[in-house]
Structures are given as C-alpha cells and as structure tokens.
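Every read-out reported here was derived from the displayed coordinates using simple, explicitly stated rules and does not represent laboratory data. Bear in mind that the values here come from a model prediction, so they are computed numbers and not experimental data. Glycine gets a Cβ as well: all are built from the backbone with ideal geometry, and neighbour counts include every protein chain shown.
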Amino acid sequence: MTALSCESDRSVIADVPSSLRVRDHRLSGAAYRASPNCDERADPQDLALIVIHNISLPPDTFDAHPDAPDGSYIDDLFLNRLDAAAHPYFATIAELRVSAHLCIFRDGSIRQYVPFDRRAWHAGASEWRGRTRCNDFSIGIELEGSDFRPFTDAQYAALIETIKALLAAYPTLSREAIAGHSDIAPDRKTDPGPHFDWSRLHAALGASA
Ligand SMILES: [Zn+2]
C-alpha cells in the first residue's frame, strides 16, 4: 500500500478551492475555544452530513456581550458559562449542555468549539435519510442569526469557504448532503429559517438545489 501513500495523504492535495483548510480536524482561520460538550464518535470516519443552524443570544440579538468585545453569549453557552441572570431567556437554557463544531458570526468570523472528528451536541433527536442520531455522523455549523432576519454576505462567504474546506478534507461528506436543523428535526426545530438562502449556497457549491 505504500505506493498509494502520497495520493492518500490529504496534506499533499494542492488545489483545494478554498481559502480555508482543515488540519488535525480543525479549521484554519477559526479561533478555537474548546467546548466540553462533546464526546467520541462511534466511528470517527463516519462523516456523512453537514447541518446548518441559526442561533442568537438573546434571541434575535446579535453581537451581544457586555464584557468581552470579542466574546459572545454563544461562546458562553457552548462553554457552560452562560450567566443565567443576564437575561430572562438565559435562565431557561443555561443548564443545557450543547455545542456545535463551528459558529459563523455576523462579521464572517468563525469560531470552532469541537474538533470535527469528535461528536458535537447540536442536533438532538433527529433523522436524516433514515438514520437517527444525526450528531453521530454530522458536522454542525451555527450561523449567528434568527428566523426573522437575513444573514450577512460575510456569513455566506465564510460558510461557503468553510464547506469547501470540509468537502476537501472529508471525502465522505458531499455538497448534496447538507441539511438544515429543521430538515432533520422538523417537529422541533425551525432553523436556519426562511431567510437562509439555500439556492445561494447550492449555487456557490455547484450543487443541485
Ligand atoms: Zn439548530
């Protein structure tokens, strides 16, 4: 098998059509803040789906954090340090133990919380193409946003480059295997919501809508 070793080494693949790269299951260009809300995948090779979400804390409020200019209540939630007293809504979610692999903020900056080979806790009870427990085999990407307002151009640009990098790094993923949270948990979830422009994403990736 040694004759194939160079071809199978992803680090030597040159023409990845993305300004971002995945190395050691982390995305270049993403600030990394490790969430404890993750665990081992049953099969680390089993990456079949990308799930798109939206999140904003407080709901429909963007870029909010009173203390840290580069911080976010989203960070606080995923790092189990959300101040339940800071907003009435927070009291209802502060004890949740959730995460996503990535969050793309309104300015297009990207934060990573969980390495891609580990299981982030973003999907909950879910089903995609007959498979349940989508966390087992998916990568979860949050967009800072809500069901009620458009996402930013910077977010689309960052999302598209991120997905290109993921597709290049993990050949078991596919541009045809990208779902919204609402697609895999339709009874519980509405995100990424009606403002997420699937056609724009699919066109940028060269995928059929
Ligand atoms: Zn979601």
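Could you sort 179-185, 108-114, 23-29 so that the peptide with the highest average Cβ count within 10 Å comes first and the rest follow in order?
Numbers: 179-185: 20.1, 108-114: 22.0, 23-29: 14.4.
Ranking the peptides 179-185, 108-114, 23-29 by packing returns 108-114, 179-185, 23-29.
Classify segment 121-209 as rounded, prolate or oblate from the Cα gyration tensor: take a ≥ b ≥ c as the square roots of its eigenvalues, call it rounded if a/c is under 1.5, otherwise prolate when a/b beats b/c and oblate if not. Could the numbers behind the result be given before it?
Values: a/c = 1.71, a/b = 1.10, b/c = 1.56.
Oblate shape, in that a/c is at least 1.5 and b/c is the bigger or equal ratio.
Residue by residue, what Karplus-based ³J(HN,Hα) values in Hz, rounded to whole numbers, does segment 42-52 have, using 6.51, -1.76 and 1.60 with θ = phi - 60° and x for Gly and Pro?
Calculated HN-Hα couplings, in order: 4, 9, x, 7, 8, 10, 10, 8, 10, 10, 9 Hz.
At most 15 other Cβ atoms within 10 Å and a DSSP loop assignment: could you name the trypsin sites (Lys or Arg not before Pro) in segment 134-188 that fit? Walk me through the numbers before you get to the answer.
Details: sites: Lys164, Arg175, Arg188; in loops: Arg175, Arg188.
When the trypsin sites (Lys or Arg not before Pro) of segment 134-188 are filtered for loop state and at most 15 Cβ neighbours within 10 Å, Arg188 remain.
Find me the longest stretch of the chain that has none of the exposed GluC sites (Glu not before Pro), where exposed means in a DSSP loop (not H, G, I, E or B) with at most 15 other Cβ atoms within 10 Å.
Details: sites that count: Glu95, Glu176.
For GluC sites (Glu not before Pro) (loop position, at most 15 other Cβ atoms within 10 Å), the longest site-free span of the chain is 1-94.
To the nearest Å, what is the center-to-center distance of segment 151-180 and segment 26-77, using C-alpha atoms only?
A separation of 15 Å, based on Cα centres.
At 0.36 nm per residue, and after removing the present C-alpha to C-alpha distance, how many nm does the segment from Asp70 to Ser19 gain when stretched out fully?
Details: separation 51, 0.36 × 51 = 18.36 nm, distance 2.26 nm.
My answer for the length gained is 16.1 nm.
Based on the mean of other Cβ atoms within 10 Å per residue, sort peptides 129-135, 76-82 so the most packed one is first. Each step should come with its number before you reach the end.
Working: 129-135: 14.4, 76-82: 19.3.
By packing density, highest mean first, the sequence is 76-82, 129-135.
In the chain, if every C-alpha pair distance is counted and binned at 10 Å from zero, what percent goes to each bin?
Once binned at 10 Å, the Cα pair distances of the chain give 8, 35, 38, 14, 3, 1, 0.
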